[in-house]
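Below: one structure, written as structure tokens.
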Amino acid sequence: MSRIGRKPIVIPTGVEVKIDGSNITVKGPKGTLDSKIHPMMTAKVENGEVVVTRPNDEKEARSLHGLTRTLISNMVEGVTNGFKKELEIQNLVMNLGYSHQVIVPETDGITIDVPDPLKIVINGIDKQRVGQFAAEVREKRPPEPYKGKGIRYAGEYVAHKE
């Protein structure tokens, strides 16, 4: 049995989980998230916990078991605490060194904060959307290995070349 898949997901107070067949809706203080789980997986709410089960021990079922549990867990954590990605800008102005300004518009459910000129903080309740948006911003000027200039994740190490 999957070690991750068999762990129950504790539902914190103030969070409501509705399971309607393969549709899951999680409502919390920060918002609402909807998702579909694979039809092979079964999720149930029991005693204030969400339990994910699989029908058999085939390879596909085993791999989907842990994935489904993690996706539901991320939804619960997102509506209670939210997710945050920090990016560091090094040796650059927001013009990013190009002949034109690079403009990245905000999307729904994502907020962008710039606490100081060298940091960008991306917040949201959906872990996948926060990570995807951070990757799109980083893609505008990835860190280069010779001088280390570019946008990098906070704490990311870039190996320098001569």
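Numbers for the structure displayed
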{"read-out": "Nearest-ten-degree value, helix 127-139 long axis tilted from longest Cα axis of the chain", "value": "20"}
{"read-out": "Per residue accessible area in Å² of the stretch 1-79, where ligands, DNA and RNA are left out and the probe is 1.4 Å", "value": "61"}
{"read-out": "Read-out P(r) over Cα pairs in 5 Å bins from 0, in percent, derived from the coordinates shown; its label in (i) 1, 8, 15, 16, 13, 11, 10, 10, 8, 5, 2, 0; (ii) 2, 9, 20, 24, 23, 15, 7, 1, 0; (iii) 1, 8, 15, 17, 15, 10, 7, 4, 4, 3, 3, 3, 3, 2, 2, 1, 1, 0", "value": "(i)"}
{"read-out": "Sulfur and carbon atoms: percent of accessible area, the chain [1.4 Å]", "value": "50"}
{"read-out": "Per-pair calculated FRET efficiency, R0 = 25 Å: residue 38 and residue 135 via Cβ, rounded to 0.05", "value": "0.50"}
{"read-out": "Within the chain, helix-based [θ] at 222 nm, where runs of 4 or more DSSP H residues each add -39,500 (n - 2.57), nearest 500", "value": "-7500 deg cm²/dmol"}
{"read-out": "Fluctuation leader among 127, 140, 85 - the chain, Gaussian network, Cα springs under 10 angstrom", "value": "140"}
{"read-out": "Under 18 Å from the residue 7 label point (7 Å along Cα→beta-carbon), backbone N, the stretch 120-140", "value": "127-128"}
{"read-out": "Nitroxide proxy distance, nm - points 7 Å out along Cα→Cβ at residue 156 and residue 18", "value": "3.9"}
{"read-out": "Within the chain: Cβ-based charge dipole about Cα centre, in debye rounded to nearest 20 (Lys, Arg +1; Asp, Glu -1)", "value": "340"}
{"read-out": "Leading residue at positive end of dipole, the chain (Cβ point charges), from 110, 75, 145", "value": "145"}
{"read-out": "Candidate lysines - alpha carbon under 29 Å from residue 147, same-chain residues fewer than 8 apart omitted", "value": "84, 85, 119, 161"}
{"read-out": "Within a Gaussian network of the chain (alpha carbon springs, distance under 10 Å), most fluctuating of 36, 119, 147", "value": "147"}
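The values are calculated or read from the model by the stated rules, or taken from the named source; none is laboratory data. The model shown is predicted, which means the values in this text are computed figures rather than measured ones. Methodologically, a virtual Cβ is constructed for each residue, glycine included, from the backbone with ideal geometry; neighbour enumeration extends over all protein chains shown. Surface areas here come from the heavy atoms of the whole protein model, side chains and all, with no ligands, DNA or RNA. Shrake-Rupley method; radii C 1.70, N 1.55, O 1.52, S 1.80 Å.
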